[in-house]
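The values are calculated or read from the model by the stated rules, or taken from the named source; none is laboratory data. All values derive from a computational prediction rather than experimental measurement. Cβ placement follows ideal geometry from the backbone for every residue including glycine, while neighbour counts extend to all protein chains displayed.
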Amino acid sequence: MLRLLIADDHPLFRMGLKFALQEAGFEIVAEASDGLEALKEADRHVPDVFILDIKMPGLDGIEVCKQVREQQPEAIVIMLTTFESEAIIQAAQDAGAHGFFSKETNPSKLASHIHKIYAEPKRQWLPTVNMPKFTNRQMDVLALVAAGYSNKEIASTLGLSAETVKSYLTAIYDKLGVNDRMAAVSKSTELGLFLRQAS
């Protein structure tokens, strides 16, 4: 029987997940409502598998994952989240997570994934995010939009005509599946596009 630790700051979700995984045959040896508590419980119980929420008070799931993988390299770490941006998935992979699943995943499927991951610990079960591809110039325009520049200011800054800026924006909106500037900035932030550009 695999021994699990569940860390999530939402009590009802944690309770529901605990019940579902116990029903699936797992032993829940510890629960935590934040990252620091998760690390304390990890030292105390040394579970086989960690189920970590990404967003938690104190330390987030990514940082907990890093520390767990350093201190207990044999442990399996699975991330659960409502956020599936490429930046977050990449951060989970860099931290050493073995799996990354949506909180909307059916508990029976999650249980099956846990067994598969435990059986194949060298394989990473990380999703592929369909990221829109932008040219360097499109990213320049998008970054200036995010900085609050008007079309006229973008044109002046980049040495483009106003019509060319409009053309770039139309292409950007189309790739992001949005209809206006605010939605474009919001979607780009969600996808981690500005983080990728900074790195």
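Observations on the model:
- Residue in segment 86-105 that is without any contact (Cβ under 8 Å) to a residue 40 or more places away in the chain and basic (K, R) present: no
- Residue pairs meeting the criteria (Cβ under 6 Å; at least 6 apart or on separate chains; first under 12 Å from M1 (Cα atoms) and loosely packed, with under 15 Cβ neighbours inside 10 Å, in segment 23-41; second at pLDDT 95 or above and of a type outside the set (D, E)): E27/R3
- Which numbered condition G148 misses (of (1) surrounded by 15 or more Cβ atoms within 10 Å (Cβ to Cβ); (2) small (G, A, S); (3) not in a helix (DSSP H, G or I)): (1)
- Per the conditions (1) touching a residue at least 12 places away in the same chain (Cβ under 8 Å); (2) closer than 17 Å to I114 by Cα, the sole criterion not satisfied by F19 is (1).
- Scanning segment 80-90 turns up one or more residues that are modelled with pLDDT of 90 or more, surrounded by 20 or more Cβ atoms within 10 Å (Cβ to Cβ) and either of a type in the set (D, E, K, R) or not assigned by TED's automatic domain parsing to the domain that holds L193 (or both).
- Selected residue [loosely packed, with under 12 Cβ neighbours inside 10 Å, at pLDDT 90 or above and closer than 25 Å to D43 by Cα] from A119, A75: A119
- For segment 74-109, the set of residues classified as touching a Lys or Arg at 6+ places or on another chain (Cβ under 8 Å) and not in a loop (DSSP other than H, G, I, E, B) consists of V77, L80, T81, E86, A87, A95, listed by residue number.
- The set of residues in segment 151-185 being hydrophobic (A, V, I, L, M, F, W, C), without any contact (Cβ under 8 Å) to a residue 12 or more places away in the chain and either farther than 15 Å from R137 by Cβ or exposed (fewer than 15 other Cβ atoms within 10 Å of the Cβ) (or both) consists of A162, V178, M182, A183.
- When A92 is tested against (1) within 14 Å of the chain's Cα centre (by Cα); (2) farther than 20 Å from T189 by Cα, only condition (2) is not met.
- Here the condition is being on the phi > 0 side of the Ramachandran plot and of a type outside the set (D, E, K, R); of G58, G99, it holds for G58 alone.
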